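Undergrad: Here it is, the structure, as structure tokens.
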Amino acid sequence: MNLANWISTSVTLSSPPPGSVNVLLGKKVEGPGGKWIPCATKTADGSYYSGLFQVGPGKRQVCAASVPFHCPNKALSRAIELASSAAA
């Protein structure tokens, strides 16, 4: 399964919410699907979201903005799972 199909069937990814700030970064995850860095992103209302950076020229951060967390560590744990799947 390619990354586009995986993303569309498992989670909705979008740009990070406006004004959000990355508060935790995980270790880079590498695989046939590329290099990904997981992160936890905090919004102004205190919610945390799982984010991913795809490493490479012209790549940007995406965020699983449909699933908020109250804890940055939980958001980062989910981001690590997403990075592992995206890299696979």
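Undergrad: Of the accessible area of the chain, with the probe set at 1.4 angstrom, what percent is carbon plus sulfur? Don't jump to the answer; show the numbers that get you there.
TA: Working: 2840 of 5070 Å².
Carbon and sulfur atoms account for 56 percent of the accessible area of the chain.
Undergrad: Sorted from largest down, give the three principal axis spans of the alpha carbons of the chain, whole angstrom values.
TA: Reported extents, whole Å, longest axis first: 36, 24, 23.
Undergrad: While we're on this one: Less than 15 Å from a label point 7 Å out along the Cα-to-Cβ axis of residue 12: which backbone N atoms in the stretch 62-88 qualify, by residue?
TA: 63-68
Undergrad: Go ahead and estimate [θ] at 222 nm for the chain from helices alone: -39,500 (n - 2.57) per DSSP H run with n ≥ 4, summed, over the residue count, rounded to 500.
TA: Working: 2 runs with 24 residues, N = 88.
It comes out at -8500 deg cm²/dmol, rounded to the nearest 500.
Undergrad: If you don't mind, there's one more thing I want to ask. Got a number for the accessible area of residue 28? Probe 1.4 Å, square angstrom, nearest 10.
TA: Residue 28 exposes around 110 Å² with every protein chain in place.
Undergrad: Compute the angle between helix 72-87 and the longest alpha-carbon principal axis of the chain, please, reported from 0 to 90 degrees and rounded to the nearest 10.
TA: The helix 72-87 is inclined about 10 degrees to the chain.
Undergrad: Would you mind working out the accessible area per residue for the chain, using a 1.4 Å probe, and quoting it in Å²? Don't skip to the end; give the middle numbers.
TA: On the way: 5070 Å² over 88 residues.
Roughly 58 Å² per residue, with all protein chains present.
Undergrad: Would you tally the net charge around residue 53, using a Cβ to Cβ cut-off of less than 11 Å, leaving residue 53 out, and scoring K and R as +1, D and E as -1? Walk me through the intermediate numbers first.
TA: Numbers: positive: 28, 35, 59, 60; negative: none.
Charge balance in the 11 Å sphere: +4.
Undergrad: Only Lys, Arg, Asp and Glu count, each charged at its Cβ (+1, +1, -1, -1), so figure out the dipole size of the chain about its Cα centre, rounded to 20 debye.
TA: Working: 8 positive and 3 negative charges, 36 e Å.
Charge dipole of the chain: 180 debye, to the nearest 20.
The values are calculated or read from the model by the stated rules, or taken from the named source; none is laboratory data. Note that the coordinates shown come from a computational prediction; the quantities given were computed from them, not determined experimentally. Counting neighbours? That spans all protein chains shown, and the Cβs are built from the backbone with ideal geometry, glycine included. Accessible surface is based on the protein model in full, side chains and every heavy atom, while ligands, DNA and RNA are left aside. Shrake-Rupley method; radii C 1.70, N 1.55, O 1.52, S 1.80 Å.
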